[in-house]
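Every number in this text was worked out from the coordinates using simple rules, so none of it is lab data. In this text, all values refer to a predicted model and were calculated from it rather than measured experimentally. Cβ: placed from backbone, ideal geometry, glycine included. Neighbour counts: every protein chain shown.
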């Protein structure tokens with residue numbers, strides 16, 4: 001594999017870490033800035049909403065620039081946003097820093113996938129893209145728990161300084177290792193035309209609702225485990241590692257399932273996700289049961305990613321770049337929606353386990369959208385083909 005893929009993976013690792021590490025640091029951030037846990041949880045929503053806005057807009061804005069130059073600009077924005085988080089002395093400035101860092105998220109993964117595929121022979125394109133996304137996967141297994149541990153020991157700002165350093169490393173790697181790329185053809189009108197298809201919007205809705213279910217619970221997993229299950233603050237790091245291990249397993253299983261049949265895999269995985277979240281309402285009261293559920297939660301939650309991504313790409317044939325950015329935006333819209341609804345349940349006095357049943361209902365909503373899309377598929381397949389004489 002070309003060394004340039006390692007540079008892209010480092011960038012993906014930093015972006016994945018900064019997105020999710022705030023989950024493990026919610027109690028520390030809330031206490032330091034004098035805000036409630038649900039208010040601190042909105043830092044997840046703020047990041048996600050910035051991705052929702054930034055993913056398509058930044059992708060379109062950079063459509064006529066060389067892709068290497070766009071990637072370097074995106075990493076510079078990422079560095080600036082995380083440095084702003086590290087020096088933030090109040091909640092508003094921290095939210096601004098999170099929003100700035102998030103602007104690069106969707107476009108980096110969309111454009112980075114194209115660059116990764118161009119670095120290798122045609123028969124290795126999928127492996128190259130997977131290599132770049134390994135950085136995102138590893139960020140959940142190592143970056144998030146290690147960042148959580150660092151923040152708990154040295155203060156949450158130290159975590160953002162560490163992520164800023166990762167961004168600098170990624171920028172240097174891209175500048176030195178990614179070959180110069182020509183100015184691409186935009187084809188923006190054709191890409192936008194794909195969004196006139198109802199099935200594209202149904203696919204994006206599946207992504208939004210499915211991941212809203214995941215983040216309704218995951219956003220508040222730290223206070224849930226300390227306040228309900230009775231784990232120590234230090235144990236949260238190990239629980240996040242356990243979640244990350246489930247994530248890796250689920251990502252592989254979901255990919256293999258999607259290769260066989262996209263829609264059937266979505267039906268099964270979304271059903272399992274809902275079942276695990278409803279069970280978590282009860283298992284959160286026992287430490288060993290909570291630990292097992294967190295592993296299953298990670299597996300079920302991220303097993304949704306490959307089939308959801310595949311479904312969007314299938315339905316947006318001819319518009320891969322913008323559709324990919326739009327799907328990343330949908331993932332993050334789900335993150336924001338889930339974090340907000342989970343926090344609303346806590347604010348409503350329903351307790352720290354309430355986000356689990358909220359997440360279960362959201363996963364079932366995604367399943368209902370999948371059923372609607374499947375019915376449209378069957379209706380289209382059964383429609384008679386007009387014969388012209």
(message) Taking a cut-off of 13 Å, what percent of all Cα-Cα pairs in the range 297-356 are separated by more than that?
(response) 69 percent
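Could you please rank 282, 20, 231, placing first whichever residue has the fewest other Cβ atoms within 10 Å of its Cβ? Kindly include the intermediate steps, with their values, before the conclusion.
Values: 282 13, 20 26, 231 18.
Lowest to highest Cβ neighbour count: 282, 231, 20.
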(message) So I have (1) 22; (2) 31; (3) 52, and one of them is percent of Cα pairs over 35 Å apart calculated from this model. Which one is it?
(response) (1)
(message) Over the chain, with a Gaussian network built from C-alpha contacts below 10 Å, which listed residue (173, 250, 348) shows the highest mean-square fluctuation?
(response) 348
(message) Could you identify which residue out of 98, 157, 260 has the top mean-square fluctuation in a GNM of the chain using Cα springs shorter than 10 Å?
(response) 260
(message) What percentages make up the Cα-Cα pair-distance distribution of the range 187-382 when the bins are 5 Å wide from 0?
(response) 1, 9, 16, 20, 19, 14, 9, 6, 4, 2, 1, 0
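Given R₀ = 35 Å, FRET efficiency for residue 381-residue 96 by Cβ-Cβ distance, to 0.05?
Details: r = 49 Å, r/R0 = 1.40.
Calculated transfer efficiency: 0.10.
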(request) Would you please state the base-10 log of I(q)/I(0) at q = 0.10, 0.14, 0.16, 0.23 1/Å for the range 269-389, with intensities from the Debye formula using one equal scatterer on every alpha carbon? (result) -0.42, -0.72, -0.88, -1.35
(request) Tell me the Kirkwood hydrodynamic radius of the range 1-186 in angstroms, computed as one over the mean inverse distance between distinct C-alpha pairs. (result) 16.5 Å
(message) Using a Gaussian network model on the chain with a 10 Å cutoff between Cα atoms, which of 355, 27, 66 fluctuates the most?
(response) 66
(request) Determine the relative contact order of the range 1-186: mean sequence separation of Cα pairs under 8 Å and six or more apart, normalised by residue count, in whole percent. (result) 42 percent
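Starting from 0.36 nm per residue, how many nanometres of slack lie between residue 260 and residue 314 once their C-alpha separation is accounted for?
Working: separation 54, 0.36 × 54 = 19.44 nm, distance 1.39 nm.
Full-extension gain reported as 18.0 nm.
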